[in-house]
Amino acid sequence: MHYVDEMDKRPREYVPYRSTLDDRDLVRAAEELHENEDTRESSIAQVREFIAKHPQIVRCRTDPVFLLRFLRYRKFNVTSACATLEDGMAFLMRMRTLYGEEVNTFHPNVQRMMDLDAIVPLGFDRQRRMVILVRVGAMDPKETTALLQMRLGALVINTCLEYERTQVHGTVWIVDCSGMTMAHVGMWGLSEVKMMADSINEVVTMFVKEVHMVKVPRITWMLLDLLLPLLSPKIRDRFKFHRTEEELRSAIDQTILPTTYGGQQSLKQATDNFRDMFEKQSKWFKLEEQFHMDLSISAPGTSGRSTRTQRNEFSGEEAMVGSFRKLTVD
């Protein structure tokens, strides 16, 4: 089937599912996510029907791997999976309205962010979780914005989610705060902090198993004190703090940690692997630029627009008290 057909909400023929999971992955999916051949096929069919009949959805992927990220994240509760897909598309539409083309994966500013090697998947650990490294100090606050940092994070997340093992086993995040300055903090207004929290809580369909914060300077808490209360208790409880790289090594599989952190692989190898992952999945990102949801049409079961899409989730900073941008930054 030609790729363009996979954006048709009612294709003449749907793409069949071909698993990339091995027996160990399938056992985990069955035990933790309630997935088996029967639930998988019937659930995919129900989500496809939801997309086909949804009056607001105009163009959307219907291939199995894309739909399974929602079903697995919601442990095959089809109603919840459909609601998450709907919310995710509405979130993307609002982002496009507010920020324009810079939201697109292939916008030059977003692609330039990839060259910083600031957010890099390191590979799967012994528990088959994808480990992702964030190097805050690699992002020059004079050359980037909070939006571009979030877009880079979304690019990494969506690349990893195209691999079914990540959907099943989840992720471990390492956030290296060394080199973070007041200028880094100053990029984040309260509206951006809320946007990131809403995205983590409601839009990102990725299991976050652990978040390891390393070398956290005092100024970082200016952001964390706002962000953490906005996160779900489950995610918040998975944050761990390490004062040194030695403490980090005791908590992370050292075979995939970069040598700069006392591990066994080079950061260059990890970044090369990520670029290869991205290139292999780039066809999907090009298609996703065609995603469209018409929010001017009434949502199903409502007399007007849905409450979720009607909310101004990204209210301007003028509607909120204070902003880090108003701090004096040296």
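Scanning the stretch 40-75 for residues that are surrounded by fewer than 19 Cβ atoms within 10 Å (Cβ to Cβ), farther than 23 Å from Met93 by Cβ and not acidic (Asp, Glu) yields Ser42, Ala45, Gln46, Lys75. Just wondering, is there one or more residues in the stretch 161-172 that are assigned to a strand (DSSP E or B), open to solvent by 20 Å² or more (accessible area, probe 1.4 Å) and in contact (Cβ under 8 Å) with a residue 60 or more places away in the chain? Scanning the stretch 161-172 turns up no residue that is assigned to a strand (DSSP E or B), open to solvent by 20 Å² or more (accessible area, probe 1.4 Å) and in contact (Cβ under 8 Å) with a residue 60 or more places away in the chain.
Taking Ala138, is it closer than 28 Å to Ser19 by Cα and open to solvent by 20 Å² or more (accessible area, probe 1.4 Å)? No. With respect to (1) within 20 Å of Arg126 (Cα to Cα); (2) touching a helix residue (DSSP H, G or I) at 6+ places or on another chain (Cβ under 8 Å), the lone exception for Val172 is condition (2). Within the stretch 58-101, being among the hydrophobic types (A, V, I, L, M, F, W, C), in a helix (DSSP H, G or I) and in contact with a Ser or Thr (Cβ under 9 Å, 6 or more places away or on another chain) holds for Val65, Leu67, Leu68, Phe70, Leu71, Val78, Ala81, Leu85, Ala90, Phe91, Met93.
Report yes if Val131 is open to solvent by less than 40 Å² (accessible area, probe 1.4 Å) and in contact with a Leu (Cβ under 6 Å, 6 or more places away or on another chain), otherwise no. Here the answer is yes, as Val131 does meet what is asked.
Note on the stretch 260-298: among residues that are in contact (Cβ under 8 Å) with a residue 60 or more places away in the chain, of a type in the set (Asp, Glu) and within 13 Å of Leu155 (Cβ to Cβ), the one that is least open to solvent (accessible area, probe 1.4 Å) is Glu288. Can you find a residue that is of a type in the set (D, E, K, R), over 16 Å from His292 (Cβ atoms), more than 18 Å from the chain's Cα centre (by Cα) and open to solvent by 50 Å² or more (accessible area, probe 1.4 Å) anywhere in the stretch 91-111? No, the stretch 91-111 contains no residue that is of a type in the set (D, E, K, R), over 16 Å from His292 (Cβ atoms), more than 18 Å from the chain's Cα centre (by Cα) and open to solvent by 50 Å² or more (accessible area, probe 1.4 Å). Among the residues of the stretch 218-239, are any in a strand (DSSP E or B) and assigned by the TED database to the domain that holds Val175? Yes, the stretch 218-239 contains a residue that is in a strand (DSSP E or B) and assigned by the TED database to the domain that holds Val175. In the stretch 75-84 there is no residue matching the filter, namely being closer than 18 Å to Ile157 by Cβ and touching a strand residue (DSSP E or B) at 6+ places or on another chain (Cβ under 9 Å). Scan the stretch 221-234 for residues that are in contact with a strand residue (DSSP E or B) (Cβ under 9 Å, 6 or more places away or on another chain) and surrounded by fewer than 18 Cβ atoms within 10 Å (Cβ to Cβ) and the total you get is 3.
Quickly run through the stretch 240-259 and pick out the residues that are open to solvent by 70 Å² or more (accessible area, probe 1.4 Å) and either outside the structural domain of Thr171 (by the TED database) or farther than 20 Å from Pro217 by Cα (or both). Of everything in the stretch 240-259, those that are open to solvent by 70 Å² or more (accessible area, probe 1.4 Å) and either outside the structural domain of Thr171 (by the TED database) or farther than 20 Å from Pro217 by Cα (or both) turn out to be Ser250, Gln254, Thr259. Output yes when any residue across the stretch 169-185 is under 30 Å from Glu31 (Cα atoms), among the acidic types (Asp, Glu) and out of contact with any Ser or Thr (no Cβ under 9 Å at 6 or more places or on another chain), and no when none is. Looking for residues that are under 30 Å from Glu31 (Cα atoms), among the acidic types (Asp, Glu) and out of contact with any Ser or Thr (no Cβ under 9 Å at 6 or more places or on another chain), one finds none in the stretch 169-185, hence no.
The values are calculated or read from the model by the stated rules, or taken from the named source; none is laboratory data. All of these numbers come straight from a predicted model, not from anything done at the bench. Cβ: placed from backbone, ideal geometry, glycine included. Neighbour counts: every protein chain shown. Heads up: the accessible areas ignore ligands, DNA and RNA and are worked out on the full protein's heavy atoms, side chains in. Shrake-Rupley method; radii C 1.70, N 1.55, O 1.52, S 1.80 Å.
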